[in-house]
Each structure stands twice: as C-alpha cells, then as structure tokens.
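A short write-up of the structure that comes next.
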Amino acid sequence: MVIETSDSTTGRSSVGHTAGDDQSGDPVARVPVTPDTDDGGRSERPEVASPSLAAVVTARADSTAPTDDDVKIDIEGLNVYYGATLALSDVHLQVPSGQVTALIGPSGCGKSTLLRSINRMNDLIEGARVTGGVRLGGVDVYDRRTDVVLLRKRIGMVFQKSNPFPKSIFENVAFGPRIAGVRGREQLSQIVERSLTRAALWDEVKDRLHHSALQLSGGQQQRLCIARALANDPEVLLMDEPASALDPASTARIEDLIFELRGQYTIVIVTHNMQQAARVSDRTAFFYQGLLVESGPTVEMFTCPSQQRTEDYITGRFG
Amino acid sequence: MTAASTQNSAPRQRRWRRRVDQSFEWFCMAATLSSVVILIGMLWAIIHEGAGWLSWSFLTNYTSVHPEKAGILSALVGSLWLIGLTAVFSVVVGVGAAVYLEEYARDIWFKRLVQLNISNLAGVPSIVYGILGLVLFVRGLSSVTGGRSVLSGALTLTLVVLPIVIIASQEALRAVPKTIRQASYALAATRWQTVWHHVLPAAMPGMMTGVILSLSRAFGEAAPLIIVGAWAQVRFVPSGMRDEFTVLPIQIFEWSSRPQAEFRELAAAAILVLLVMLLCTNGLAVFLRYRYGRKVKW
Ligand SMILES: Nc1ncnc2c1ncn2[C@@H]1O[C@H](COP(=O)(O)OP(=O)(O)OP(=O)(O)O)[C@@H](O)[C@H]1O
Ligand SMILES: [Mg+2]
C-alpha cells in the first residue's frame, strides 16, 4: 500500500481497513499517493462492486461498535425550503448516541441541508426556512427559546473544504474555548494539546503551534478543523464530506480518526464514497431528491437493502 | 490568376497590419509618456518657483503681509488637526456603516436603498457638502461645534469622504471568504465575535487603504472648507476642536491670488509641503497594508 509512513502511528487496527481489504475492495487506496490530489475518493465510486462492499461491512459487523441505543438526534417531519423550493421533505431520522451515521445519496439530494439544519447553520442562508422538529438530546433545536450559541457549542461541524482561520495553529484551536470564556494561558494550552492529539495532528505540529495554519497541507488543515471542533468539547460532530478534497493517504487518516472518535461522540458524516460509508459508519441513511429513502444499520443497507433504489445507488448503477 | 492575386495581396496586407500594430503601440506609449512628462514639468515648475522659499522659518511662521516673514504654521497645523479628526470620524462611522450593511442588514430593500444613496453621494461635488456643512454644523449646531471651527470643518470633510470610505470598507468586507464566517459561527461564536475576531482583521488592510487614500483626497480639499469658513488670515494654531483654523490648500489659494510675484512663489513652496505630506500618507497606506497583511497571515 502506498500510504505515507506516518499513517501507521494511528493504528488502523480496528477493522475494515487492513491491507487485505484495501487490495480487494478499495480501488482508491491503490492510486499512487500524490499530495493534494483533488477528489481522490469520489470519482472512483461507479466502479465499486457490491461484493467487496459487503465484505467491508461484514468485516465491520463484528467490531466493537458501541451498542448504546440512546437517540441523540431525533428528526421528526423535517422540511427545509430554500425560497419556494423544497430541499428536504418530511424527513424522519433517529441518530443514535455514540455511533457514526453516514448520509449518502446523489448530489443535490439534500444531505448538506440536513446536516445544516441540525446545528441551525441554515439560519445563515438567506431564504432558508425550516419546519418540523429536530431534537438534540431532548432539546428542541428550533424552539424560539433555544440559544443557538449554546446549541452550536454542543455540535461541532467540519466542512467539505477545510477552512482554517488565517491565524496560527494555536489560535485556530483556542478560538472556541476562548470565546466560551476560557482565559488562562495554561488551560488553553492544555485544551489545544488535547484536541490536536485527539485529531491525530499533535505530533506533526507541536513544534510550530504559532505558525500560520495556512502553511499546513490540505489533509493537515482538515484535521486541524476537526481539532478545532473538538476543542469545544461537543457531543455531536457533523462532517460534510470531510475527505472529499483529500488524497487517499489523508482520507485514510481522517477515517481512522472518525473510527477513534466514535463512542465518545455522535458523528454524522456525509460522504459520496460508498467504501468510506461502509468502513466508518454504523448506520446509513440514503437520500434521494429530498426524501429519505431508507435508513438502517450499515450492514443491512449494504448487504440487503429493502429498496431497489438504494441498491442501485450503492452498487453504482445510478447517481 | 486568383492564386497570383492572393500571393500579391498577402505581403501588402501583412505590411499594413504591422503598420497598424506599430502605430497603435506608439500611440499608447505617447499617452503614457505625456502624463509622465506633464507631471515632471509641473513638479519642475513648482520646485523652481518654490524651493528657494523653503526654510525652517517658513514652517514655523504665521502668514504675513511681508513675504519674507510669511510662513505656513497655522495652515500646516490646521491641516493636521483637520485630517486627524476626519480620520477618527470617518473610520468610526464609515467602518460601522460598512459592517452593518455587509454583516447585519437583512432587509434587502432597505439595504439596496441605502446602497444606492451611498453610491450617489460619492459622486456629489464636495462644494455641495460645504453648503450642507455650513447649514448643519456651522449654523445649526454652533453651540456644539463653535461655529466656524476645526470641528465643523472635520465633520464636513467626513461627509465628503464617508461614501468612499464606506464603499471601500464594504469591498474589503466582501472579500473575506464566507467559509471563514461559517467556521466561526459553527464554533458557537456570536455575530459580534465573528465580526470582531475574524472578519474585521481579515478586512483591515483593504479598509486601511481605502481610508487613507480617501483621507489624502480630503487633505487637498479647499472648496468645502472655504464655505465652512476656514480663512487664510488666521494667525494662531488651533488649541481645541472649537477654534478657528485654516488649511494648506486655502493658504495656497489665498497666496496665489495676490498680485506680488513673491506670494506666488510662496504658494509654490506651500504646494511642495502639501505634496510631501501627501506622499507620506500614501507611503503610510502602503506600509500599513504591508504590515497588517503579514500579521493577518492570510
Ligand atoms: N443556499 C441555497 N440556496 C438555494 N438552494 C439551495 C441552497 N443550498 C442548497 N440548495 C438546494 O437544495 C438542494 C439540496 O442541496 P444540498 O446542498 O443539501 O445537496 P447535497 O446532497 O449536499 O449535494 P452534494 O452532494 O452535491 O453536496 C439542492 O437542490 C440545492 O440546489
Ligand atoms: Mg453537500
């Protein structure tokens, strides 16, 4: 496998990503690693064959996935409009606590919209309107009395394109805690170190914390964004195609990371890469043209989906 | 036969094309050179006339009816006062307005209306602002401004530069990527924190440049200040915002309209001082942009 040496430090031991799996199942991983290759993962999808996906998920099935079935995010009859167009209609979805839920579906089906309506980032979009209910651990997200700032503190978000602030690495990670009122330099340093460690970035940047974050590579920047979100100590992590602009090696590191973070965080990840969904997620939800077609445990979704459309999409027959 | 004619005309066409090409290049070069030549000629004339009058006492004396004793102290200090105050007012109001329009205003219609107004105001001749300043600040608010004072002048000049400052600041704010704002909001920042910690620092170099360039325009303004009542016979330095004042352009205007040749030369010397100061402010703009640009680590 052509993955940079540093990759071994995170120990992709858990499941589904042993060298053997990569050889058989993941065409992406065999692409020679060139830094900053755009779209490393997405473009390969149509060639993915279903048997290997099934192999990937069954390998994952006997992993030590948390079996905590508390519902963390409860979406009931959610509709989202952009102006007059309905982007999501009547979505019912329960996201269990401590697990990784993957949102899949063709471009424009509303995955990002759903993600944004969980932490109310849709508020920033002119003309966006939300009806129906989203509850986060019992709190009604769209209640008038809900404090958006407190809500977003509980929900971290990682964007498709890494967007570090044009400041130092330290300042990037310290920003969240700082505006939340953490003042002591010592305390901030601790939070920064802990977050960077959790995001598997500490060793690479510990000697240059005060250099500009924009000097980091694309993959490092994305992990910095994850560290920045973790510094707020959120309960939920929303990730919108976090690896779509990264090369295979960086993608693998991000996946490792997601694997390590599950259990501690409830993670919702949007991905166009079926392999990725199969590898990292416990549950999968398939969207099509603003509708939730099907959702369930990833193993079932990838081995015996109940809807023809799901199967067609997963096996790459359309999308 | 047709073949022969094309063979015949081809070189001629080519020669013609080359000639057109060549003459266009010459024309453009002449256009460039003419502006440079005019500038150099003007500078030379001014230096030739005025340089002899430049001396320390020229900077430290008040104006006088005797050319050899006349200086620009009151005008110089008045100009500095005026620009300092105008800078403060226009930055506070201009940046505030730009932030409101770009970051807060939600109502599309209201925003469009204000925007249209600002663009139009930027094109209003400065003398019109002078009349507004006379009515509003000198007469209307005379209890606050002290009538024909530095404060009235600065407020009037603020009106002159405000539209440009607002537009330049808006452009600088708009150039800050949306993704930065998203990142900040997603980290549970309030709007104020987002603007203060991320948007303003990123937009600062652009705003600074806009502010300083428009201030250097204000530095050379005479028309609105004549109306607001700056007059050239002032023989003291303003010691407060409510004192009377004069400024360099007005001093220059007053001297150059006198019949004696000496006063015209004095005017040229004062122009030299004005030019040096303009050069300094523009240099400051470049410097600040460079410094700030690096600190932001964009
Ligand atoms: N800011 C917006 N204004 C208007 N319409 C929007 C906006 N954002 C998204 N939409 C529309 O809503 C629908 C869903 O968009 P969304 O971004 O959620 O899709 P997606 O599933 O994330 O697609 P992709 O996989 O390409 O990211 C699309 O039809 C899109 O055109
Ligand atoms: Mg999307």
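The values are calculated or read from the model by the stated rules, or taken from the named source; none is laboratory data. As the structure is a prediction and not an experimental result, all values here were calculated from the model. Cβ placement follows ideal geometry from the backbone for every residue including glycine, while neighbour counts extend to all protein chains displayed. Only protein heavy atoms, including side chains, enter the accessible area calculation; ligands, DNA and RNA are left aside. Shrake-Rupley method; radii C 1.70, N 1.55, O 1.52, S 1.80 Å.
With respect to A:E204, is the statement that it is in a helix (DSSP H, G or I), more than 16 Å from ligand 1 (Cβ to nearest atom) and either among the hydrophobic types (A, V, I, L, M, F, W, C) or more than 12 Å from the chain's Cα centre (by Cα) (or both) true?
Yes.
Limited to region A:80-117, what total is found for residues that are surrounded by 15 or more Cβ atoms within 10 Å (Cβ to Cβ) and away from ligand 1 (no atom under 12 Å from the Cβ)?
Selection size over region A:80-117: 10.
Would you mention how many residues in region B:174-231 are of a type in the set (S, T, Y), within 14 Å of chain A (Cβ to nearest Cβ) and part of a helix (DSSP H, G or I)?
Summing the residues that are of a type in the set (S, T, Y), within 14 Å of chain A (Cβ to nearest Cβ) and part of a helix (DSSP H, G or I) in region B:174-231 gives 4.
Consider region A:259-286. How many of its residues are in a strand (DSSP E or B) and not β-branched (V, I, T)?
Of the residues in region A:259-286, 5 are in a strand (DSSP E or B) and not β-branched (V, I, T).
Only residues that are outside any strand (DSSP E or B), more than 16 Å from ligand 1 (Cβ to nearest atom) and closer than 17 Å to A:D282 by Cα: list them for region A:237-258, please.
Residues satisfying the conditions are A:I254, A:E255, A:D256, A:L257, A:I258.
With respect to A:Q160, is the statement that it is within 16 Å of ligand 1 (Cβ to nearest atom) and under 17 Å from the mean Cα position of the chain (by Cα) true?
yes
One line per residue, one yes/no per condition, for (1) open to solvent by 80 Å² or more (accessible area, probe 1.4 Å); (2) aromatic (F, W, Y); (3) without any contact (Cβ under 8 Å) to a residue 24 or more places away in the chain; (4) in contact with a Leu (Cβ under 6 Å, 6 or more places away or on another chain):
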site: B:L76; (1), (2), (3), (4): no, no, no, no
site: B:S79; (1), (2), (3), (4): no, no, no, yes
site: B:A87; (1), (2), (3), (4): no, no, no, yes
site: B:V135; (1), (2), (3), (4): yes, no, yes, no
site: B:G147; (1), (2), (3), (4): no, no, no, no
site: B:L155; (1), (2), (3), (4): no, no, no, no
site: B:L162; (1), (2), (3), (4): no, no, no, no
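Of all residues in region A:123-142 being more than 11 Å from chain B (Cβ to nearest Cβ) and within 13 Å of A:Y82 (Cα to Cα), which is nearest to ligand 1 (Cβ to nearest atom)?
Once the filter is applied, the top-ranked residue is A:A128.
Give the number of residues within region A:246-256 that are surrounded by fewer than 23 Cβ atoms within 10 Å (Cβ to Cβ) and either within 16 Å of ligand 2 (Cβ to nearest atom) or under 29 Å from A:V182 (Cα atoms) (or both).
Of the residues in that region, 0 qualify.
What pairs come out if I take residues in region A:124-139 that are within 16 Å of ligand 2 (Cβ to nearest atom) and pair them with residues that are open to solvent by 40 Å² or more (accessible area, probe 1.4 Å) and not hydrophobic (A, V, I, L, M, F, W, C) whose C-beta lies under 8 Å away, six or more apart or interchain?
Hits for this filter: A:L124/B:Q182; A:I125/A:Y82; A:I125/A:R116; A:A128/A:Y81; A:A128/A:Y82.
Within region A:143-186, track down each residue that is surrounded by fewer than 19 Cβ atoms within 10 Å (Cβ to Cβ) and more than 10 Å from every other protein chain (Cβ to nearest Cβ).
Selection gives A:D143, A:R144, A:R145, A:T146, A:G181, A:V182, A:R183, A:G184, A:R185, A:E186.
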